[in-house]
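Have a look at the structure below, then the notes.
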Amino acid sequence: MLSRYACLLLLSFTGLFTAAQANEWRQDLPQAKLVGSGELRWFGLHIYSAKLWSEIAAFDPKSGFALEITYQRAISKERFIDISMDEIKRLHGDSIKPEKLLYWRSHMEKAFTNVKSGDQLIGINVPQVGCRFYSRDGLLADIRDPQFSDAFFAIWFDPRSKDSSLRRQLTGSGK
C-alpha cells in the first residue's frame with residue numbers, strides 16, 4: 001500500500017505530465033504570445049472560448065499561429081466536420097473542386113474528435129507546410145496540406161467570417 005507521501009508524489013507527477021501534454025503544441029511555436037481572445041455565442045448560448053497565439057505581434061494569417069478553442073458545449077465530431085465543411089464551401093464557393101473537399105473531409109475525420117464541455121482543441125498553422133491539431137492529451141493529426149490549412153483557418157480569420165466580432169477580438173483589432 002502506498003504511503004500518503006507516495007500518493008501525493010504520484011499525483012504531482014501525474015499533474016506535471018498532464019500539464020506537459022496540454023502544452024505540447026508550444027513546441028511548434030515556442031515564442032508564441034497571446035494576440036487576442038473571445039467567445040462564440042449562438043442565440044445566447046456560450047459555445048466556446050477561443051485564444052489566438054502568435055510569435056509575431058501583428059497577426060498575419062500566413063504566419064505561424066495557434067488557435068486554441070475551449071468548448072463549453074458537447075459537439076459531435078460529425079457536426080464539427082459538417083459545420084467546418086459548410087463554412088469552407090461558403091467562403092470559397094466553386095473555387096475548390098468536390099474531390100478536394102472530400103479529401104479535406106478525410107483530413108478532418110482523422111483530426112477531430114467528439115468534444116464535451118471543458119475539452120480543448122488547438123489548431124496550429126504551419127506556414128507553407130499545413131497544420132497540426134492537438135487536444136490536451138497530445139497530437140491528433142499532422143496535415144501536410146497548406147491549401148487545407150488556409151481554407152480551414154479562414155473560417156475564423158477571413159474578413160467574411162460569420163462572426164466578425166470574434167475575428168476582431170482574436171486578431172487584436174477589436175481593442
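The values are calculated or read from the model by the stated rules, or taken from the named source; none is laboratory data. Because the structure is predicted, anything quoted here is derived from the model rather than measured. For neighbour counting, all protein chains shown are included, and Cβ atoms are generated from backbone atoms with ideal geometry for every residue, glycine included.
Which one is surrounded by the most Cβ atoms within 10 Å (Cβ to Cβ), of the residues in region 142-175 that are farther than 21 Å from L34 by Cα and modelled with pLDDT under 95? Among those that are farther than 21 Å from L34 by Cα and modelled with pLDDT under 95, it is K162. Of all residues in region 53-111 being part of a helix (DSSP H, G or I), free of Cβ contacts under 8 Å to residues at least 40 places away in the same chain and of a type in the set (V, I, T), which is nearest to S149 (Cα to Cα)? Once the filter is applied, the top-ranked residue is I81.
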